[in-house]
1. Answer yes or no: is there a residue in the stretch A:45-52 that is part of a helix (DSSP H, G or I), more than 14 Å from chain B (Cβ to nearest Cβ) and among the small types (G, A, S).
2. Tell me, which residue of the stretch A:355-371 that is of a type outside the set (A, V, I, L, M) and surrounded by 24 or more Cβ atoms within 10 Å (Cβ to Cβ) is farthest from A:G26 (Cα to Cα)?
3. Suppose we keep only residues that are away from chain A (no Cβ under 14 Å) and in a loop (DSSP other than H, G, I, E, B) within the stretch B:80-100. Which one would you say is surrounded by the most Cβ atoms within 10 Å (Cβ to Cβ)?
4. Evaluate the following for A:L7: is it under 23 Å from A:C399 (Cα atoms) and either at pLDDT 85 or above or over 13 Å from the mean Cα position of the chain (by Cα) (or both)?
5. I'd like to verify a number: residues in the stretch B:83-118 that are at pLDDT 85 or above and not β-branched (V, I, T), how many?
6. Tell me whether the stretch A:385-397 contains one or more residues that are away from chain B (no Cβ under 14 Å), of a type in the set (F, W, Y) and over 21 Å from A:Y69 (Cβ atoms).
7. Scan the stretch A:75-133 for residues that are in contact with a helix residue (DSSP H, G or I) (Cβ under 7 Å, 6 or more places away or on another chain), within 14 Å of A:G312 (Cα to Cα) and of a type in the set (V, I, T) and report the count.
Amino acid sequence: MENFELLMGGLESALTPMNLLYAAIGVLLGTFVGVLPGIGPAMAIALLLPVTYRLEPTSAFIMFAGLYYGGMYGGSTTSILLNTPGESASVMTALEGNRMARAGRGAQALATAAVGSFVAGTIGTILVAFFSPALADVAVDLGAPSYFALMVLALVMTTTVLGTSALRGFAALFLGLTIGLVGLDLNTGQPRLTFGVTQLVDRLDIVVVAVGIFALGEALWVAAHLRRKPTHVIPVGRPWMGRDDWGRSWKPWLRGTAFGFPFGALPAGGAEIPTFLSYLTERKLSKRGDFGRGAIEGVAGPEAANNASAAGMFVPMLALGLPVTATASVMLSALQGYGITPGPQLMTDHADLVWTLLASLLIGNTLLLVLNLPLAPLWARLLRIPRPQLYAGILFFACLGAYATNLDPFDIGLLVAFGLLGLMMRRFGLPVLPLILGVILGPLMESKLREALTISGGDYGGLLNEPLAVVIYVLIALFMLGRPFIARARARAEQSAAVEEEKELVD
Amino acid sequence: MSETPAGGWVVVAWAPDVYGAVALDWALADAERRDRGVVVVNASRGDALVDERFAFEEQLGELERRLTESGRPHEIRQSIDPDVAGAVLDAAEQLEARLIVVGLRRRTPVGKLLMGSVAQRILLGAACPVLSVKPGSVPD
């Protein structure tokens, strides 16, 4: 119950008018960026980072929390009304959601997505509040070898689970790790990969890297094929649900939460798998047989799973300092910007910040429901913004942010370089997340590796002298061996979904 | 494309909204009276994710039905063009159109200054007469 009291304390300090304002800004901005495909919460937070350095850490994180959940919700709106899921996590929502919208039940689909997100987000946040301190307690005693193994696990899992090709994932990962190497070696003081450029000795600013890869890369990518056939948005009124819809939705919400949270909390990363599992489960359990024609369960379950895993992501981030999603990595770099070292000590050293953050997640979630249900028709109108105007604005903020961190024109050059890298990654289908994780986790991993090797006197066997480390390496090995089977099972399940779709077309 | 009708072609700048509808009414009336064919141009800049003035399949089907019912020779041209007015003017030039019909919205001079206008570009650039009509007017 101690945690509960701490959470209430956090709620108290989060509930000031100023912080509520930041939460509201975050939620609105988050939904804005979530609705527009291609722009996600990670990019929005990266763009906002320089602005928030003037704010108190708590206020900034309250805004980020709002942004994060808002972005999730915005993504589901687009996939339901437009059938263009902005991110892999919304793909399953789009399946049934868009059919509901086409059948004239868009309002109910939006409502079950919003309420389901709220329910899952709230339960998820409360679970985070109970699990993170316990995990942090355990994690404080972890030695460098275990820590190193955990980071390897996080990198391997996010690299291989997400996306279609593990090879591309690893290519992106090693690019990121290399970028993370640039700068002064903290142990020996040697400059690495600096090419004699003095500005590079200082290590690369993560804001410049993130904004370059996310914002500039996406803007260039969009500019490369600016004109496309416009799609048709399904007009929708204010979201609402009938009695029947509530009755059909609440169980999928809870089941989706149960799928989503553990997957988010594991360093496996991403909401792709839990949303997919939730969709399959709901389809199996459905007795009405209207799956494929717009079943509300098929929206409620995956949407809840999506948000629960979004909440679960905070467990490794707060308790271990391990980010598993792009948004978490950008948030962690924001923490570092405030001079706060992420890791197991975070829960004890900056308890007030952590509990206020968790409380603000609850607030953000509630605000989301209150603000977004009436605003849904307005969000749909955002899709009419012409791309040139939209991306000109993004480019402006990107350059401003990159310049503002150090007031050095050199950073703008770096930004452009990373923007071009981001464009090429999109062109050749390299996933962006492993790169960002590599940049953030690379230096951390290196310091733990060297710590472990110093203790063992340079003997690589020292990496295996903690039982947890051994267990994790075995897990990684098992996972790599089992990967082909997992991929095959997933392909089969996806195929059966496709077959059903065809059957529906034939009918 | 069918042969050029005796009276030549009428080009309509069309969109699936009230302005497009009234322009089409007048174009069909003119085609009827002067034995002309109707070419409907629907263009979008294609730089936004959603453009409600770009007709989707069902709306095009309805348009096709309407044109067929009129019994006049007709053609529908849909394109993504950075210059929407240019798409209309190009069609008119290529067909040596006798008339262009556009639906016009009511605007104050200030609104005009802010928004720019496809109709104005057509008026200024067309080689043939341009008929501009507002919603609510009925062809006699």
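1. For the stretch A:45-52, residues part of a helix (DSSP H, G or I), more than 14 Å from chain B (Cβ to nearest Cβ) and among the small types (G, A, S): present.
2. A:W355
3. That would be B:A97.
4. Values: under 23 Å from A:C399 (Cα atoms): no; either at pLDDT 85 or above or over 13 Å from the mean Cα position of the chain (by Cα) (or both): yes.
The answer is no for A:L7.
5. Matching residues across the stretch B:83-118 total 17.
6. There is at least one residue in the stretch A:385-397 that is away from chain B (no Cβ under 14 Å), of a type in the set (F, W, Y) and over 21 Å from A:Y69 (Cβ atoms).
7. Selection size over the stretch A:75-133: 5.
Matching residues to (1) outside any helix (DSSP H, G or I); (2) not hydrophobic (A, V, I, L, M, F, W, C):
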{"position": "A:Y22", "(1), (2)": "no, yes"}
{"position": "A:V27", "(1), (2)": "no, no"}
{"position": "A:V33", "(1), (2)": "no, no"}
{"position": "A:R54", "(1), (2)": "yes, yes"}
{"position": "A:L67", "(1), (2)": "no, no"}
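The values are calculated or read from the model by the stated rules, or taken from the named source; none is laboratory data. Just so it is clear, the model here is predicted, and its values are computed rather than measured. Note that each Cβ is placed from the backbone with ideal geometry, even for glycine, and that neighbours are counted across all protein chains shown.
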